[in-house]
Amino acid sequence: MNIVLITLFPELIQQATGFGVLGRAIKQGQIKLHCFNPRDYAEDKHRTVDDRPYGGGPGMLMKVEPLAKSIANAKEVLSSTAKVVYLSPQGMPLNQQRVINTAATVADLVLIAGRYEGIDERIIASLIDEEWSIGDYVLSGGEFAALVVVDAVARLLPGVLGDDESAIQDSFMQGLLDCPHYTRPENITGLAVPDVLLSGDHKAIKRWRLKQSLGRTWLRRPDLLDTVKNKPSQWDAEKADLLAEFQAEYEAGKINKSSN
Ligand code: ADE
């Protein structure tokens with residue numbers, strides 16, 4: 001996937017993208033990431049990138065011309081069909097389904113990281129395809145949000161994760177939260193690894209993990225569970241039975257309420 005990230009702070013992006021799975025995806029070429037800085041498109045001698053809002057009030061907006069030129073140049077370099085996304089708290093919520101769709105269908109992506117109080121509404125209306133938010137809180141700029149998008153998409157591109165890191169098992173890939181995980185030692189100050197995980201019975205382990213995923217989702221994110229229950233492709237009698245088992249154990253006090 002080719003990505004142009006429009007930002008006033010390209011160094012921040014470069015520093016953050018050299019590590020781990022994302023660093024590898026960039027090194028191997030599954031992601032080609034370039035930063036365009038609106039400051040490079042500013043034509044006055046101070047290379048101004050902010051401007052005052054009509055109507056007054058505190059704060060500045062990103063200056064229109066340098067931003068519009070950055071977007072136009074990004075589309076020229078990528079393709080005229082590149083998808084243009086502006087990161088802002090007003091956007092549609094980013095979730096794993098949006099990430100999956102993007103990884104599967106978008107070849108060229110332009111991400112715009114806003115600064116100051118944001119960007120002119122007419123840029124949004126005329127040059128931007130979608131506005132995405134990474135959550136109901138306000139960051140001081142869109143860079144970290146854009147990095148979240150790049151990271152979440154990169155790991156789903158073919159060949160980026162090895163078999164042992166497969167994304168299928170992730171939280172949200174099946175619409176559910178992930179199950180708990182354990183590693184050595186077998187006992188940490190009296191807290192033991194669940195017996196089933198030591199049993200070698202792969203079928204029982206798989207069943208236990210699905211039950212924990214369902215139970216955790218029920219406890220922590222009932223909204224996600226409702227969505228899964230309403231999708232015939234994601235809900236079946238086995239899941240209903242496992243959830244009922246978890247709920248019965250939970251009500252009987254057999255499941256540690258604080259750790260769930
Ligand atoms: N820019 C500032 N806050 C943001 C958020 N929550 N999501 C996306 N972009 C942002």
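The values are calculated or read from the model by the stated rules, or taken from the named source; none is laboratory data. On a predicted model such as this, the values are computed, not experimentally measured, just so you know. Every residue, glycine as well, gets a Cβ built from its backbone with ideal geometry; the counts of neighbours run over all protein chains shown. Note: accessible area is taken over every heavy atom of the protein model, side chains too, but ligands, DNA and RNA are not part of it. Shrake-Rupley method; radii C 1.70, N 1.55, O 1.52, S 1.80 Å.
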Top-ranked residue of the range 36-77 - restricted to ones that are assigned to a strand (DSSP E or B) and hydrophobic (A, V, I, L, M, F, W, C), ranked as farthest from Ser140 (Cα to Cα): Phe36
Considering only residues that are surrounded by fewer than 19 Cβ atoms within 10 Å (Cβ to Cβ) and away from the ligand (no atom under 11 Å from the Cβ), which ones fall in the range 84-98? Asn95, Gln96, Gln97, Arg98
Out of the range 132-161, which residues are acidic (Asp, Glu) and crowded, with 17+ Cβ neighbours inside 10 Å? Glu143, Asp151
Filter the range 215-231 for residues that are surrounded by fewer than 19 Cβ atoms within 10 Å (Cβ to Cβ) and among the polar types (S, T, N, Q); which is farthest from Asp178 (Cα to Cα)? Asn230
Please enumerate the residues belonging to the range 162-176 that are surrounded by 11 or more Cβ atoms within 10 Å (Cβ to Cβ) and either at pLDDT below 85 or more than 22 Å from the chain's Cα centre (by Cα) (or both). Glu165, Ala167, Gln169, Asp170, Ser171, Phe172, Met173
Between a residue in the range 212-223 that is within 14 Å of Gln174 (Cα to Cα) and any residue that is charged (D, E, K, R), which pairs come within a Cβ distance under 8 Å, given they are 6 or more apart or on different chains? Ser213/Asp178; Leu214/Lys239; Arg216/Asp178
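If you check Gly29 against the conditions, is it within 16 Å of the ligand (Cβ to nearest atom), part of a loop (DSSP other than H, G, I, E, B), free of Cβ contacts under 8 Å to residues at least 60 places away in the same chain and surrounded by fewer than 13 Cβ atoms within 10 Å (Cβ to Cβ)?
Answer is no for this residue.
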Scanning for something surrounded by 11 or more Cβ atoms within 10 Å (Cβ to Cβ) and within 30 Å of Asp170 (Cβ to Cβ), does the range 56-72 turn up at least one residue? no
In the range 189-199, is there at least one residue being open to solvent by 60 Å² or more (accessible area, probe 1.4 Å), away from the ligand (no atom under 16 Å from the Cβ), of a type in the set (D, E, K, R) and touching a helix residue (DSSP H, G or I) at 6+ places or on another chain (Cβ under 9 Å)? no
List pairs: first residue in the range 233-245 and more than 17 Å from Lys203 (Cβ to Cβ), second residue small (Gly, Ala, Ser) and surrounded by 12 or more Cβ atoms within 10 Å (Cβ to Cβ) anywhere in the structure, Cβ distance under 6 angstrom, at least six positions apart or on different chains. Gln234/Gly175
Would you call Pro53 in the same structural domain as Val21 (by TED's automatic domain parsing) and open to solvent by 20 Å² or more (accessible area, probe 1.4 Å)? yes
Take the conditions more than 16 Å from the ligand (Cβ to nearest atom), in a loop (DSSP other than H, G, I, E, B), free of Cβ contacts under 8 Å to residues at least 24 places away in the same chain and surrounded by fewer than 16 Cβ atoms within 10 Å (Cβ to Cβ) and apply them to Ser80. Does it pass? yes
Selection over the range 177-188 where residues are farther than 24 Å from Trp235 by Cα and either surrounded by 13 or more Cβ atoms within 10 Å (Cβ to Cβ) or not assigned by TED's automatic domain parsing to the domain that holds Glu245 (or both) yields a count of 1
Give me the pairs, please: first residue somewhere in the range 137-161 and in contact (Cβ under 8 Å) with a residue 12 or more places away in the chain and closer than 14 Å to Val110 by Cα, second residue anywhere and aromatic (Phe, Trp, Tyr) and within 16 Å of the ligand (Cβ to nearest atom), beta-carbon distance under 8 Å, and either six or more positions apart or on two chains. Gly142/Tyr86; Glu143/Phe9; Ala145/Trp132; Val149/Trp132
